[in-house]
Amino acid sequence: MTGIIIRALSGFYDVDCGGEVIRCRARGKFRYTKESPLVGDRVEITPTEPGTGRLDQILERINAFERPAVANMEQMVIIVSEAIPITDPFLIDRVAALAEMNHCEPIVVVNKCDLADGESLYDIYRKVGYRTIRTSALTGEGVQELKEALENKVSVLTGNSGVGKSSLLNAMDPTVQIPTGEVSEKLGRGRHTTRHVELFRLGGNAIIADTPGFSSFDTDTPELLDKETLATAFREFRPFLDDCRYVGCAHVKEKGCAVLKAKKSGVILKSRHDSYVRLYQAAKEYKAWENNKK
């Protein structure tokens with residue numbers, strides 16, 4: 001039988017096989033091949049007893065992410081906020097770059113617009129060229145537009161803790177009933193209400209992965225980003241990459257750099273270039289550390 005992993009907990013994998021969910025253990029071979037089944041994986045299983053089975057094989061993936069731990073995602077829906085907790089644009093840019101490098105379309109959703117209009121973040125990412133939606137789980141603003149963006153797609157919702165991922169899922173489909181938590185005024189971040197990655201089916205043939213927030217999201221893993229191809233993950237850089245004076249331009253501070261020229265003219269936003277430089281330097285330092293370790 002074939003199916004899709006909808007939940008992974010303590011070595012067990014819940015596999016949806018066309019409406020029937022079978023709880024599986026992975027075959028021992030995965031320990032030797034060092035393959036880790038992920039939520040979103042299409043898999044082959046063998047039923048053993050009623051409701052249980054054995055996970056035999058992971059079918060070919062279109063992509064895979066370590067954090068959040070998901071596979072075969074078509075869209076990365078990044079939930080952000082200009083209310084408490086305020087989302088750092090660097091986090092958005094880093095996650096969006098990871099999505100771009102894994103052939104996954106980023107969508108930026110500026111939530112809690114009943115508390116703060118989100119105009120600044122909305123303008124940044126709309127200008128970049130990402131589909132950008134303003135929402136409020138409380139008032140319902142933008143909820144229908146978000147539902148339409150998710151139709152007929154496999155999408156992962158991610159964002160820093162407290163921005164309202166679970167509240168938005170509940171607003172789109174009240175039958176989901178995901179627990180929600182309060183945001184700490186003192187700390188400016190939310191409590192984790194999502195402890196693991198899980199797939200949900202919504203109307204419109206949408207499959208959604210809800211994930212733990214950014215405070216459990218390791219933001220210091222530059223090995224996931226290749227400095228040689230990083231610039232291509234910033235889509236507004238792409239029209240200028242072949243126009244630099246020198247081959248191999250890092251687009252950081254080089255003379256004759258077309259990306260820097262575009263930034264100076266305002267075509268590329270300073271915040272986006274700042275994020276690129278930060279990611280590039282981190283990847284460069286990590287590579288140097290790896291080479292020294294050998």
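The values are calculated or read from the model by the stated rules, or taken from the named source; none is laboratory data. Because the structure is a prediction, the values reported are computed rather than measured. Because the Cβ atoms are built from the backbone with ideal geometry, glycine has one as well, and the counts that use them run over all protein chains shown. Calculation scope for accessible area: heavy atoms of the full protein, side chains included, ligands and nucleic acids excluded. Shrake-Rupley method; radii C 1.70, N 1.55, O 1.52, S 1.80 Å.
A few notes on this one:
- Filtering region 113-144 to residues that are polar (S, T, N, Q) and either under 17 Å from residue 165 (Cα atoms) or open to solvent by 80 Å² or more (accessible area, probe 1.4 Å) (or both) leaves 132, 135, 136, 139, 144.
- Look at (1) touching a helix residue (DSSP H, G or I) at 6+ places or on another chain (Cβ under 7 Å); (2) of a type in the set (Val, Ile, Thr); (3) in contact (Cβ under 8 Å) with a residue 60 or more places away in the chain; (4) not in a helix (DSSP H, G or I) and you find that residue 124 fails only one, number (4).
- The residue of region 36-62 that is nearest to residue 100 (Cα to Cα), among those that are open to solvent by 10 Å² or more (accessible area, probe 1.4 Å) and under 21 Å from the mean Cα position of the chain (by Cα), is 62.
- Identification of strands (runs of 3 or more DSSP E) wholly contained in region 1-110 with 3 or more residues that are in contact with a Lys or Arg (Cβ under 7 Å, 6 or more places away or on another chain) yields 52-58, 75-81.
- Checking each residue of region 7-24 against the condition of being of a type outside the set (Phe, Trp, Tyr), in contact with a helix residue (DSSP H, G or I) (Cβ under 7 Å, 6 or more places away or on another chain) and touching a residue at least 24 places away in the same chain (Cβ under 8 Å) gives no match.
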